[in-house]
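First up is the structure itself, then whatever we jot down about it.
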Amino acid sequence: VDTIKDWTKKHEYKLASHNTMSYLTPRTLLDRIIAFTARCQSKTIYEQIEKYGVELVDLRFKFNNKGKVFFAHGAIEYKCNIHEILKYLNSFDGFPARVMLENKPGDKEEEFKAWCEYIENTYTNIKFFCGRNKWSWEQLYKFKNEEPSMTDKYSSCNTNEPGKPQTGTYLDDLYPKSYAKKNNRTNLLNG
């Protein structure tokens, strides 16, 4: 049996990681209690890339009222040295990274734009793209790189997007690991 890494190379797919940083420890006790509702990854970014062959990451940023930036998924903010992760990704030549804002529409958008400009100019080996607000899908920052063609195969988040098929159930939104256990192998085999 091929490894996931071998299979994706053989079939010319890029394996992407959804909410790449959601394996991290949440910042607050309350967030730790409900972390299972936002945890899409159980492996570190290093394992995702080096062991499992992930070739595209999904970085979600959130800004608090003091202007501090965190990796986040929805309401949950994670403990992490962001610059350590970006330096790691920058050590590769042209590693693609989708960047999204996790704050609600109209909240911290100027901070996000400035952040996108900063990381694009600082970590020049990373192929940043997207620059959208997760909630409204509004383009807030236009990176120099074009967005790759992607097919999303994760939870039921797609159910309210016009023209996209439902990929799961609403229960999957509460516990993404259940969707992954049930569907990852089939999704991979079906491309």
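Might you check whether a residue that is surrounded by 14 or more Cβ atoms within 10 Å (Cβ to Cβ), among the acidic types (Asp, Glu), modelled with pLDDT under 70 and more than 23 Å from Lys66 (Cβ to Cβ) occurs anywhere in the range 167-174? Show your work before the answer.
Start the filter on the range 167-174 by keeping residues that are surrounded by 14 or more Cβ atoms within 10 Å (Cβ to Cβ), which leaves 167-169, 172-174.
Retained after the next criterion (residues that are among the acidic types (Asp, Glu)): 172-173.
Checking the rest, the ones that are also modelled with pLDDT under 70 come to 172-173.
Restricting the remaining residues to those that are more than 23 Å from Lys66 (Cβ to Cβ) gives 172-173.
Checked the range 167-174: at least one residue is surrounded by 14 or more Cβ atoms within 10 Å (Cβ to Cβ), among the acidic types (Asp, Glu), modelled with pLDDT under 70 and more than 23 Å from Lys66 (Cβ to Cβ).
Report, by residue number, each residue of the range 3-49 that is of a type outside the set (S, T, N, Q), more than 18 Å from Ile76 (Cα to Cα) and modelled with pLDDT under 95.
Ile4, Lys5, Asp6, Trp7, Lys9, Lys10, His11, Glu12, Tyr13, Lys14, Leu15, Ala16
Does any residue in the range 76-100 that is farther than 23 Å from Lys142 by Cβ and free of Cβ contacts under 8 Å to residues at least 60 places away in the same chain come within less than 6 Å, Cβ to Cβ, of a residue that is of a type in the set (Phe, Trp, Tyr) and part of a strand (DSSP E or B) six or more places away or on a different chain, and which pairs are these?
Glu77/Phe70; Tyr78/Phe71; Cys80/Phe71
The values are calculated or read from the model by the stated rules, or taken from the named source; none is laboratory data. This structure is a prediction, so every number in the text was calculated from the model and none was measured. Note that each Cβ is placed from the backbone with ideal geometry, even for glycine, and that neighbours are counted across all protein chains shown.
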